[in-house]
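Novice: Have a look at this one before I ask anything.
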There are 2 protein chains.
Amino acid sequence: MKIRVGIFGYGNLGRGIECAVKNNEDMELAAVFTRRDPKTVSILTEGVPVYHADDVLTHKDEIDVMVLCGGSATDLPVQTPMLAEHFNVVDSFDTHAKIPEHFANVDAASKKGNTVSLISAGWDPGMFSLNRLYANAVLPNGADYTFWGKGVSQGHSDAIRRIEGVADARQYTVPVESALEAVRSGANPTLTTREKHTRECYVVAKEGADLAKIEKEIKEMPNYFADYDTTVHFISKEELQKNHASLPHGGFVIRTGKTGFNQENNHLIEYRLKLDSNPEFTASVIAAYVRAVYRLASAKDVGCKTVFDIAPALLSPMDGETLRRTML
Amino acid sequence: MKIRVGIFGYGNLGRGIECAVKNNEDMELAAVFTRRDPKTVSILTEGVPVYHADDVLTHKDEIDVMVLCGGSATDLPVQTPMLAEHFNVVDSFDTHAKIPEHFANVDAASKKGNTVSLISAGWDPGMFSLNRLYANAVLPNGADYTFWGKGVSQGHSDAIRRIEGVADARQYTVPVESALEAVRSGANPTLTTREKHTRECYVVAKEGADLAKIEKEIKEMPNYFADYDTTVHFISKEELQKNHASLPHGGFVIRTGKTGFNQENNHLIEYRLKLDSNPEFTASVIAAYVRAVYRLASAKDVGCKTVFDIAPALLSPMDGETLRRTML
């Protein structure tokens, strides 16, 4: 019997989940839920129903695990606890500072409804977090570095789009190669925000807009750009669509640390992702955790988990004996 | 109360465990067990007793987790099951092909003695295995590549030392940079053994030995060297001691894979280790799993585990709330 997966919210991530389900033989897409008129939403998979989000509870028995695909700012803080009371759920909540609060809310809902939930699956939080934890556990005496990119930051692109005179924009976060090399050398450098990443902006201006003013507003925007070396390129709408339509991303989690009775030996642990599609890779991580949540729920576990709580074997379609024989 | 760690076998790995225990604040070294005369074994830590291996069972109550530091060829297949009946144990058994058999033996012993055991901790098997599993679970459609080095292979160094006329030797396994680049490109190359690694040998010959014969014997040795491009350098004993005394190692686990409804997007997951000291890093991984085994035993779990069965949170000295707040 396949794991029946529900998708709640059908944007980039929802479509990514749809693809990931197709690529995992032990899963099947059971239904998609949308806040739009279901008749206007056409999905990639044939024969799978699209329902209105308001009707979700009437389809409780059709879904083994529901994947929440809304945004972390306003959707997930409400939706995940709401649905966790009735479904086993996985989300990709990525507002790092609010994870403890979100965890508490979802955990309470899961315990009330006897479900299993897992929050903050993806790559950061997610695979990057796992690598931070493993590397810290193995090398207690060391220093952590996370670099992002080269990749499109949706938050920064949105920030540019809100500037007067901007029609569209795409922002790339780029790790500084010399900073990466300094970290890899084991020198434990102290790096400022500016030294770690640069920001490249591709902006389509509205007709007659003041380009110099737009560029100044971007470069001086607090939190988003002011602390970085930022370059702004004005391009045509056509060029944006042709060369900047995809959503690549990735990055590096590095820990350097010392071992030995007198800390005499140096070690480097480096984890790197290079992703053509940020939402599809995020969805692929989520799919693996859907499998784990399904298994935990089948074993009558209850409550909210994160990637830290999941034994790796639960993520694989293989059984323990096969894993030990082929992957250990 | 600290975790009381015992070391069974005091060679390179045993000394590494001793250092790792010193570097983990929640652990303390309780005793070292040796097959040599304990009076002849001097350890780095002051005030810790060294006992004879034959007396190990009389010290059962002094040890929370015993780390087995013998070799995989003949020591661990006997020692780990023997001790797992009486102690919680961790070993670094690394004969990949014999892991299923070893697991079964240790599991039976642990279940008989109501202990927790964990086999094959280290970096390969160990951290590399984990990365193979995670990457396969996340990217079901893809290809795996493991590269080792640059680093000293003890097995290959030993094989050279067994040749007539050889006084000492050090063998480095070196990954081929162009093969690494081909893999990272996402081209999914099929690579032969020869294309992935080269082997560099530094050999001290005995006086009057036939160097040409030694070199030929090395290069034609089946399994060890015949399938590789091997270079042999004859050096003096002094040069070996000066430039080749340390045991560096490392390597790369790479998976490239495709996502998308029609497999249209490519992704790269790369995990890299660069280690000054192979035994000390192996020991550092083992120490983290000592913590996990101690916690599982405290929770009345029983039986043999591998790194695949251990939730990452169990490896960290931090509690779940702190991990979520600081590392997720």
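Novice: With unit charges on the beta carbons (Lys and Arg positive, Asp and Glu negative) and the dipole taken about the Cα centre of chain A, which residue among A:Val152, A:Tyr134, A:Ala109 sits farthest to the positive side?
Specialist: My answer, from the dipole projection, is A:Tyr134.
Novice: Now for a different question. A 30 angstrom limit on the alpha carbon distance is what I want to check against. Which of A:Lys206/A:Lys242; A:Lys300/B:Lys2; A:Lys98/A:Lys300 exceed it? Spell out each step's value before the answer.
Specialist: On the way: A:Lys206/A:Lys242 18 Å; A:Lys300/B:Lys2 33 Å; A:Lys98/A:Lys300 28 Å.
Checking Cα-Cα distances, A:Lys300/B:Lys2 exceed 30 Å.
Novice: Given a 1.4 angstrom probe, what's the average accessible area per residue across region B:15-135, in square angstrom?
Specialist: Each residue of region B:15-135 exposes 41 Å² on average to a 1.4 Å probe.
Novice: Rounded to the nearest 20 debye, what is the charge dipole size of region B:15-121 about its Cα centre when +1 sits on each Lys and Arg Cβ and -1 on each Asp and Glu Cβ? Before the final figure, lay out each step's value.
Specialist: On the way: 9 positive and 17 negative charges, 62 e Å.
Roughly 300 debye for region B:15-121.
Novice: A further question follows. Output the direction-averaged projected area (hull surface divided by four) of the convex hull of the alpha-carbon atoms of region B:35-140, in nm².
Specialist: Taking a quarter of the hull surface, the average projection is 8.4 nm².
Novice: Another question about this same structure. Could you let me know the centre-to-centre spacing of region B:62-111 and region B:222-245, using Cα atoms, in angstrom?
Specialist: Region B:62-111 and region B:222-245 have Cα centres separated by 32 Å.
Novice: Under 19 Å Cα to Cα from A:Lys219, which aspartates and glutamates show up? Leave out anything in the same chain fewer than 8 places away.
Specialist: Partners found: A:Asp158, A:Glu164, A:Asp168, A:Glu195, A:Glu200, A:Asp210, A:Asp227, A:Asp229.
Novice: Give me a single rounded figure for A:274-286: the average over its residues of other chain Cβ atoms within 10 Å of their Cβ.
Specialist: 5
Novice: A follow-up question, please. Which residue, chosen from B:Pro100, B:Val65, B:Met82, occupies the Cα position most advanced towards the positive end of the dipole of region B:55-118, where the dipole is computed from +1 (Lys, Arg) and -1 (Asp, Glu) charges on Cβ about the Cα centre?
Specialist: Among B:Pro100, B:Val65, B:Met82, the one farthest towards the positive end of the dipole of region B:55-118 is B:Pro100.
Novice: Between the DSSP loop rule and a limit of at most 16 other Cβ atoms within 10 Å, which trypsin sites (Lys or Arg not before Pro) in region A:169-219 are left?
Specialist: Those that pass, being in a loop and sparsely packed, are A:Lys206.
Novice: Net charge around B:Thr192, counting only other residues with Cβ within less than 13 Å of its Cβ (Lys, Arg = +1; Asp, Glu = -1)?
Specialist: Local net charge: -1.
Novice: What percent does the relative contact order of region B:150-256 come to when contacts are Cα pairs within less than 8 Å and at least six residues apart? Please report the intermediate quantities before stating the final value.
Specialist: Numbers: 163 pairs, mean separation 35.4, N = 107.
Relative contact order for region B:150-256 comes out at 33 percent.
Novice: Still on this structure: How much accessible area per residue does region B:199-328 have, counting only protein heavy atoms and a probe of 1.4 Å, in square angstrom?
Specialist: 43 Å²
Novice: Just check chain B against the gyration tensor rule for me: Cα atoms, a ≥ b ≥ c as the square roots of the eigenvalues, rounded for a/c under 1.5, and otherwise prolate or oblate depending on whether a/b exceeds b/c.
Specialist: oblate
Novice: Accessible area of B:Met318, 1.4 Å probe, to the nearest 10 Å²?
Specialist: 70 Å²
Novice: Taking the Cα of A:Ser298, stepping 7 Å toward and past its beta carbon, and measuring to each backbone N in region A:1-34: which are under 14 Å?
Specialist: Residues A:1-5, A:25-28 fall inside that zone.
Novice: Once the convex hull of the C-alpha atoms of region A:102-162 is built, how many Å³ does it hold per residue, rounded to a whole number?
Specialist: Details: hull volume 9.3 nm³, N = 61.
Here the figure is 153 Å³ per residue.
Novice: Within 10 Å of each candidate Cβ there may be at most 14 other Cβ atoms; applying that plus a DSSP loop requirement, which trypsin sites (Lys or Arg not before Pro) in region A:108-168 survive?
Specialist: Listed in order of number, the matching sites are A:Arg162.
Novice: So, one more: Based on DSSP loop calls and a cut-off of at most 14 other Cβ atoms within 10 Å, the longest stretch of chain B free of exposed GluC sites (Glu not before Pro) is what?
Specialist: Within chain B, the longest run free of exposed GluC sites (Glu not before Pro) spans B:47-163.
Novice: From the residues B:Ile254, B:Thr326, B:Ala292, which one has its Cα farthest along the dipole of chain B in the positive direction, the dipole being from +1 and -1 charges on Cβ of Lys/Arg and Asp/Glu about the Cα centre?
Specialist: Projecting each Cα onto the dipole axis, the largest value belongs to B:Thr326.
Novice: What is the dipole size for chain B, taken about its Cα centre, with +1 at each Lys and Arg Cβ and -1 at each Asp and Glu Cβ, in debye to the nearest 20?
Specialist: Working: 36 positive and 43 negative charges, 84 e Å.
Roughly 400 debye, rounded to the nearest 20.
Novice: Next up: Normalised by the residues of chain B, what does the relative contact order come to in percent, with Cα pairs under 8 Å and at least six apart?
Specialist: The normalised contact order for chain B reaches 20 percent.
Novice: Still on this structure, please answer the following. 5 Å is the cut-off here: which amide hydrogens, built 1.01 Å from N in the peptide plane, fall below it relative to B:Ser117, excluding neighbours closer than 5 in sequence?
Specialist: For B:Ser117, whose amide H was placed from the backbone, the distant partners under 5 Å are B:Val89, B:Gly303, B:Cys304, B:Lys305.
Novice: Determine the relative contact order of region B:1-96: mean sequence separation of Cα pairs under 8 Å and six or more apart, normalised by residue count, in whole percent.
Specialist: Contact order relative to length: 30 percent.
Novice: Still on this structure, please answer the following. If you keep only loop residues by DSSP, which chymotrypsin sites (Phe, Trp or Tyr not before Pro) in region B:185-226 have at most 14 other Cβ atoms within 10 Å of their Cβ?
Specialist: Taking region B:185-226 and a limit of 14 other Cβ atoms within 10 Å, no loop chymotrypsin sites (Phe, Trp or Tyr not before Pro) are found.
Novice: If I compute solvent accessible area with a 1.4 Å probe over the protein chains, what percent of it on the protein assembly as shown is carbon and sulfur?
Specialist: Values: 13330 of 27430 Å².
With neighbouring chains kept in place, the figure for the protein assembly as shown is 49 percent.
Novice: Please report the antiparallel percentage of the DSSP beta bridges confined to region A:1-135, to the nearest 5.
Specialist: On the way: 1 of 19 bridges.
Antiparallel bridges make up about 5 percent of those DSSP assigns within region A:1-135.
The values are calculated or read from the model by the stated rules, or taken from the named source; none is laboratory data. The shown structure was predicted, so the numbers you read here are calculated from the model rather than taken from an experiment. Positions of Cβ are generated from backbone atoms using ideal geometry, with glycine treated the same way; all protein chains shown enter the neighbour counts. Note: accessible area is taken over every heavy atom of the protein model, side chains too, but ligands, DNA and RNA are not part of it. Shrake-Rupley method; radii C 1.70, N 1.55, O 1.52, S 1.80 Å.
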